Amino acid sequence: MPDFNKSSSQRYNHYKSLIEQRLASVTDKKLPRGIYEPAEYILAGGGKRIRPLLLILCCEAVGGKSEDALNAAAAIEILHNFTLVHDDIMDNADTRRGRETVHKKWDRDTAILSGDGLIGFAYKFLLLTKSPRIHDIAKSFTTAIIEVCEGQSYDKEFELRKEVSIDEYIMMINKKTSELLKCCAEIGALIGGGTPGEITALKDYALNIGLAFQIQDDMLDITADEKTFGKKTGGDLREGKKTYLLLKALEVVKDPVSRQKLQSVIDNKGVKNENDIPEIKKIYETNGILESCSKAVEDYTTEANSKLDIIKESHAKDMLCWFSGMLLNRTS
């Protein structure tokens with residue numbers, strides 16, 4: 001009996017290789033160096049390339065061909081990297097994927113400018129897509145940019161507020177994380193010639209995958225190995241971010257000493273004493289917060305997979321189920 005996980009992993013690596021080749025051709029100019037060198041550096045930084053993979057799989061899931069989706073897949077990954085460059089500036093992050101962030105390696109102005117250039121590169125590749133639905137594809141892409149920027153704005157706003165509800169947090173990550181994945185699903189299905197029902201189902205799948213992905217990311221920020229994760233653990237606590245874990249803990253934890261420790265993250269706009277990070281992790285562990293977050297990730301993943309019921313059986317549909325499982329079990 002064939003090993004499905006192995007074959008899916010091999011197919012994933014094949015598509016990832018095709019995406020890397022396409023990304024390597026993005027910066028075909030060298031001057032001015034202030035744009036092109038950082039852009040090359042950004043796109044050569046690796047990563048799982050899950051967004052372009054999702055776009056390709058959704059194209060195939062509705063009967064399309066992967067090669068027709070490669071330019072759009074590259075465009076999505078370029079756009080994603082634009083958001084990372086600007087997020088790192090706003091978060092004052094030192095590392096990304098185990099390397100210096102652009103504003104640290106160069107400077108803030110260079111990072112802003114090269115990040116802006118990535119939007120142009122993204123549209124350049126998107127518009128190479130051969131599809132009679134290119135207007136709808138461009139509309140989806142543009143809407144995603146706006147939604148992601150709105151999500152980042154809410155994220156920064158929530159850092160300044162004393163109280164944020166979990167519902168508000170879900171709304172924010174829906175915009176900041178899920179919307180770009182929904183865009184991948186929609187564009188892939190449009191290129192593949194999907195029906196309205198198929199497009200809706202794949203977008204709903206992507207929405208739930210995005211919510212699961214971000215809550216998992218919140219957990220990894222405090223639980224992951226730093227070498228595997230590619231950045232210092234506890235970064236969200238240092239920045240005073242109101243993650244799913246922190247908000248859930250403030251809902252659940254009753255012990256006044258522990259609550260004060262949690263509240264200090266908000267009141268002080270981030271952890272000031274490094275020793276507080278393992279103490280807060282201990283609070284999460286002893287109050288079942290990590291288990292609660294794991295349950296939320298599993299529930300969103302299950303909901304995502306249920307949306308695939310109307311999609312015809314195919315290797316692409318099988319890979320979408322494998323894909324959600326891979327994200328569920330990731331360690332970085």
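For the reader, a short list of remarks on this structure follows.
- Any hit, the range 168-175, residues being more than 25 Å from I76 (Cβ to Cβ), at pLDDT below 95 and assigned to a helix (DSSP H, G or I): no
- Residue match in the range 258-266 (condition: surrounded by fewer than 18 Cβ atoms within 10 Å (Cβ to Cβ), under 22 Å from K156 (Cα atoms) and free of Cβ contacts under 8 Å to residues at least 40 places away in the same chain): yes
- Filtered residues of the range 190-207 (kept if under 16 Å from A296 (Cα atoms), buried (at least 22 other Cβ atoms within 10 Å of the Cβ) and not aromatic (F, W, Y)): A206
- Every residue from the range 55-67 that is farther than 11 Å from K16 by Cα and aliphatic (A, V, I, L, M): L55, L57, A61, V62
- Of the listed requirements (1) closer than 24 Å to N305 by Cβ; (2) β-branched (V, I, T); (3) not in a helix (DSSP H, G or I), I199 misses just one: (3).
- Of the residues making up the range 306-332, those that are farther than 26 Å from M219 by Cα and either assigned to a helix (DSSP H, G or I) or among the aliphatic types (A, V, I, L, M) (or both) are L308, D309, I310, I311, H315, A316, K317, D318.
- Among helices (runs of 4 or more DSSP H) entirely within the range 211-274, having at least 2 residues that are of a type in the set (D, E) singles out 235-239.
- Selection from the range 285-304 of residues that are under 20 Å from K242 (Cβ atoms), touching a residue at least 40 places away in the same chain (Cβ under 8 Å) and either polar (S, T, N, Q) or touching a Ser or Thr at 6+ places or on another chain (Cβ under 8 Å) (or both): L290, S292, S294
- Tabulated pairs, the range 107-125, first touching a residue at least 24 places away in the same chain (Cβ under 8 Å), second outside any helix (DSSP H, G or I) and of a type in the set (V, I, T), C-beta under 7 angstrom, 6+ apart or interchain: F121/V26
- Members of the range 220-243 that are hydrophobic (A, V, I, L, M, F, W, C) and at pLDDT 90 or above: L220, I222, L237
- Residues in the range 133-163 that are in contact with a helix residue (DSSP H, G or I) (Cβ under 8 Å, 6 or more places away or on another chain), outside any helix (DSSP H, G or I) and closer than 20 Å to Y244 by Cα: K162 alone.
- Exactly one residue among K282, K307, K312, K272 is under 24 Å from the mean Cα position of the chain (by Cα) and either surrounded by fewer than 17 Cβ atoms within 10 Å (Cβ to Cβ) or touching a residue at least 12 places away in the same chain (Cβ under 8 Å) (or both), and that residue is K307.
For (1) at pLDDT below 90; (2) touching a Lys or Arg at 6+ places or on another chain (Cβ under 6 Å), each residue gets a yes or a no:
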| residue | (1), (2) |
| --- | --- |
| R22 | no, no |
| T27 | yes, no |
| E40 | no, no |
| L53 | no, no |
| C59 | no, no |
| G63 | no, no |
| L70 | no, yes |
| A75 | no, no |
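- Among residues of the range 40-59 that are under 18 Å from G210 (Cα atoms), those with a beta-carbon under 6 Å from a residue that is among the aromatic types (F, W, Y) at least six positions away or on a different chain give the pairs L53/Y15; I56/Y15.
The values are calculated or read from the model by the stated rules, or taken from the named source; none is laboratory data. Keep in mind it's a predicted model, so treat the numbers as computed, not measured. Quick reminder, even Gly has a Cβ in these numbers, built from the backbone with ideal geometry, and neighbours come from all protein chains shown.
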